[in-house]
Amino acid sequence: MPRASEERTSARREEIVDACENLYQTMRFEDVTLKQIGAATTLTRTAIYSYFQTKEEIFLALLQREYSKWIAELGEIEKSKVKFTAPKLAGMLARSLQNRVQLLKLLSMNLYAIEENSRDANLIEFKKVYKASVDAVDRCFRKLRPKAAPAESYDFTYQFFPFIYGIYPYVFPSDKQIRAMKTAGMKLKKRTVYKLAYPAILNLLEKK
């Protein structure tokens with residue numbers, strides 16, 4: 001494919017993903033449609049099908065982009081010249097999550113359904129980026145524990161990632177959820193991503 005065609009294809013894909021992201025700021029995943037995404041772009045709905053066949057594929061591309069941004073930040077953590085301690089690394093990882101609220105919001109969705117409704121080629125490309133994020137977290141862990149056995153690193157990584165999937169709902173409950181919790185007599189405590197993530201990540205690090 002000529003370079004100009006590649007750039008045009010990339011620009012159009014980004015336009016579609018941008019439109020999806022903008023709609024997702026004010027709408028639920030369930031309420032966003034391909035028709036609405038198309039209306040928010042300069043492309044026809046038919047043209048959109050040349051790039052994505054389902055809205056799930058668009059959301060998967062958005063999630064892939066968010067992971068890529070996070071990977072870049074994890075790379076900066078890895079290159080940091082500061083002395084790594086468990087509290088220091090926990091703070092840096094928690095702050096990186098605080099900066100990626102959109103990623104956390106996407107992770108709180110039904111990813112199983114999104115992946116099942118995406119073509120294999122799209123899913124494979126996403127999994128490559130996801131693996132890169134796992135590897136980036138692993139490298140950060142090894143800056144703290146350079147002599148850690150592979151099993152230790154694996155245990156940390158695969159406790160860390162399931163944990164971050166649940167952060168968003170605890171920090172950003174919906175109005176309906178807040179009303180229900182108040183009615184049920186639950187005490188509500190405002191949290192930030194950082195304040196929720198830091199002690200949990202520190203706990204995981206100090207176990208290793």
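The values are calculated or read from the model by the stated rules, or taken from the named source; none is laboratory data. Keep in mind it's a predicted model, so treat the numbers as computed, not measured. Positions of Cβ are backbone-derived with ideal geometry, glycine not excepted, and every protein chain shown enters the neighbour counts.
Can you confirm whether segment 90-107 contains a residue that is at pLDDT below 95, surrounded by fewer than 19 Cβ atoms within 10 Å (Cβ to Cβ) and either in the same structural domain as Pro146 (by TED's automatic domain parsing) or not basic (Lys, Arg) (or both)? No, segment 90-107 has no match at all.
For segment 9-52, a residue qualifies if it is under 18 Å from Arg65 (Cβ atoms) and of a type in the set (D, E, K, R), and the qualifying residues are Arg12, Arg13, Glu14, Glu15, Asp18, Glu21.
Scanning segment 151-167 for residues that are of a type outside the set (Phe, Trp, Tyr), free of Cβ contacts under 8 Å to residues at least 60 places away in the same chain and touching a helix residue (DSSP H, G or I) at 6+ places or on another chain (Cβ under 8 Å) yields Ser153, Thr157, Gln159. Exactly one residue among Ile77, Ile71 is in contact with a Cys (Cβ under 9 Å, 6 or more places away or on another chain), among the β-branched types (Val, Ile, Thr) and modelled with pLDDT of 95 or more, and that residue is Ile77. Against the test of being out of contact with any Asp or Glu (no Cβ under 9 Å at 6 or more places or on another chain) and outside the structural domain of Val134 (by TED's automatic domain parsing), the options Ala47, Ala72 yield a single qualifying residue, Ala47.
Tell me the residue from Asn117, Asn122 that is touching a helix residue (DSSP H, G or I) at 6+ places or on another chain (Cβ under 6 Å), at pLDDT 95 or above and surrounded by fewer than 18 Cβ atoms within 10 Å (Cβ to Cβ), please.
Among Asn117, Asn122, only Asn117 is touching a helix residue (DSSP H, G or I) at 6+ places or on another chain (Cβ under 6 Å), at pLDDT 95 or above and surrounded by fewer than 18 Cβ atoms within 10 Å (Cβ to Cβ).
Do we find a residue being touching a residue at least 60 places away in the same chain (Cβ under 8 Å), out of contact with any helix residue (DSSP H, G or I) (no Cβ under 6 Å at 6 or more places or on another chain) and either surrounded by 13 or more Cβ atoms within 10 Å (Cβ to Cβ) or not polar (S, T, N, Q) (or both) anywhere in segment 172-192? Checking segment 172-192: at least one residue is touching a residue at least 60 places away in the same chain (Cβ under 8 Å), out of contact with any helix residue (DSSP H, G or I) (no Cβ under 6 Å at 6 or more places or on another chain) and either surrounded by 13 or more Cβ atoms within 10 Å (Cβ to Cβ) or not polar (S, T, N, Q) (or both).
Segment 3-104 holds helices (runs of 4 or more DSSP H) entirely within its bounds, and those carrying 2 or more residues that are under 24 Å from Asn203 (Cα atoms) and in contact (Cβ under 8 Å) with a residue 12 or more places away in the chain map to 55-79, 86-98. Please work out if Ala86 is more than 13 Å from the chain's Cα centre (by Cα), at pLDDT 95 or above, crowded, with 16+ Cβ neighbours inside 10 Å and not β-branched (Val, Ile, Thr). Yes. Any residue at all in segment 128-150 that is surrounded by fewer than 16 Cβ atoms within 10 Å (Cβ to Cβ), out of contact with any helix residue (DSSP H, G or I) (no Cβ under 7 Å at 6 or more places or on another chain), at pLDDT below 95 and not in a loop (DSSP other than H, G, I, E, B)? Taking every residue of segment 128-150 in turn, at least one turns out to be surrounded by fewer than 16 Cβ atoms within 10 Å (Cβ to Cβ), out of contact with any helix residue (DSSP H, G or I) (no Cβ under 7 Å at 6 or more places or on another chain), at pLDDT below 95 and not in a loop (DSSP other than H, G, I, E, B). Under the condition of being within 18 Å of Phe84 (Cβ to Cβ) and over 14 Å from the mean Cα position of the chain (by Cα), the residues counted in segment 96-135 number 1. One residue stands out among those in segment 13-60 that are among the basic types (Lys, Arg) and at pLDDT 95 or above: the one that is farthest from Arg119 (Cα to Cα), which is Arg13. Ile114 - would you say it is part of a helix (DSSP H, G or I), among the aliphatic types (A, V, I, L, M), farther than 23 Å from Cys20 by Cα and outside the structural domain of Leu23 (by TED's automatic domain parsing)? In short, no.
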